[in-house]
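A.B. asks: Just passing along the structure, written as structure tokens.
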Amino acid sequence: MKTTLKIFTLTVAIFAFSNISFGQNSAQATANSSVRIIQPIAISKTKDMNFGVLIANSGGYTVTLNVTGDDLRTAPAGVALTGVTTYQDTPALASFTITGEPNTSFAIGLPSSISLSNGTASMTVNAFSSSLGATSTIDATEGKATLNVGATLAVGAKQASGLYTSTFDVTVNYN
């Protein structure tokens, strides 16, 4: 009888522990996972920025290359902007082609200012502006956008003669 009681007690204990370990409820859900790969955004220069030919004067002045409006180049009253003397002197906005995923928004980064130099003298270019604003969208059909960039050049009083040059970076990033 003792043996039967021991077996009975042991059986009850095993079932009690089994009931506790298997007595919990559980649930399961399934989720989908996906990714869409898009082509990288790229930018390439199609034309350099050129303020053209300017004449030094005793007071200094600014010249702006405009991304909007009818006048490409403007200066304050009293400043005469010269005509073109060679192909290299033709005033022009910087121009870029942006390619990437069609119908995708991107941001445009322009410099705050740069310095043009002829080796010994310099001038500041600032107030950079974009024909597309601060953000734009890549064309849904062609997968590209054209960006024109203008800026303002500060010509100093009695600015030294010479060819002034520099480079600047334009960045584009998907939003």
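The values are calculated or read from the model by the stated rules, or taken from the named source; none is laboratory data. Values in this document were obtained by computation on a predicted structure and should not be read as measured data. Cβ placement follows ideal geometry from the backbone for every residue including glycine, while neighbour counts extend to all protein chains displayed.
A.B. asks: Condition first: outside any loop (DSSP other than H, G, I, E, B) and modelled with pLDDT under 90. Can you find one or more residues in region 35-54 that meet it? Reasoning before the result, please.
C.D. replies: Just the residues of region 35-54 that are outside any loop (DSSP other than H, G, I, E, B), to begin with: 42-47, 50.
Imposing the further condition that a residue be modelled with pLDDT under 90 reduces the set to none.
No - not one qualifying residue is present in region 35-54.
A.B. asks: Which of the residues belonging to region 47-64 are surrounded by 15 or more Cβ atoms within 10 Å (Cβ to Cβ) and not polar (S, T, N, Q)?
C.D. replies: Met49, Phe51, Gly52, Val53, Leu54, Tyr61, Val63
A.B. asks: Anything in region 150-175 that is within 11 Å of Phe106 (Cβ to Cβ) and modelled with pLDDT under 95? List them, or say none. Step through it out loud before you land on a result.
C.D. replies: Start the filter on region 150-175 by keeping residues that are within 11 Å of Phe106 (Cβ to Cβ), which leaves 171-175.
Scanning region 150-175 gives a single hit, Asn175.
A.B. asks: Tell me which residues, restricted to region 90-121, are loosely packed, with under 15 Cβ neighbours inside 10 Å and in contact with a Lys or Arg (Cβ under 8 Å, 6 or more places away or on another chain).
C.D. replies: Thr97
A.B. asks: Could I ask something else about it? Return yes when Ser122 is touching a Leu at 6+ places or on another chain (Cβ under 8 Å), at pLDDT 95 or above and farther than 20 Å from Lys47 by Cβ and no when it is not.
C.D. replies: Values: touching a Leu at 6+ places or on another chain (Cβ under 8 Å): yes; at pLDDT 95 or above: yes; farther than 20 Å from Lys47 by Cβ: yes.
Criteria met by Ser122.
A.B. asks: Continuing with this model, one more query. Has region 84-91 got at least one residue that is at pLDDT 95 or above and of a type in the set (S, T, N, Q)?
C.D. replies: Within region 84-91, the subset at pLDDT 95 or above is none.
Scanning region 84-91, I find no residue that is at pLDDT 95 or above and of a type in the set (S, T, N, Q), so the answer is no.
A.B. asks: Within region 150-175, how many residues are within 12 Å of the chain's Cα centre (by Cα), crowded, with 19+ Cβ neighbours inside 10 Å and closer than 30 Å to Leu54 by Cβ?
C.D. replies: 0
A.B. asks: Any residue at all in region 129-149 that's at pLDDT 95 or above, of a type in the set (Val, Ile, Thr), closer than 30 Å to Ile41 by Cβ and exposed (fewer than 12 other Cβ atoms within 10 Å of the Cβ)?
C.D. replies: Looking through region 129-149, none of the residues is at pLDDT 95 or above, of a type in the set (Val, Ile, Thr), closer than 30 Å to Ile41 by Cβ and exposed (fewer than 12 other Cβ atoms within 10 Å of the Cβ).
A.B. asks: Write out, first by first residue and then by second, each pair whose Cβ atoms fall under 8 Å of each other, whose residues are 6+ apart or on separate chains, and whose first residue, in region 97-112, is closer than 18 Å to Ser131 by Cβ and in a loop (DSSP other than H, G, I, E, B) while the second is at pLDDT below 95 and of a type in the set (Val, Ile, Thr).
C.D. replies: From residues that are closer than 18 Å to Ser131 by Cβ and in a loop (DSSP other than H, G, I, E, B), the pairs are Gly100/Ile38.
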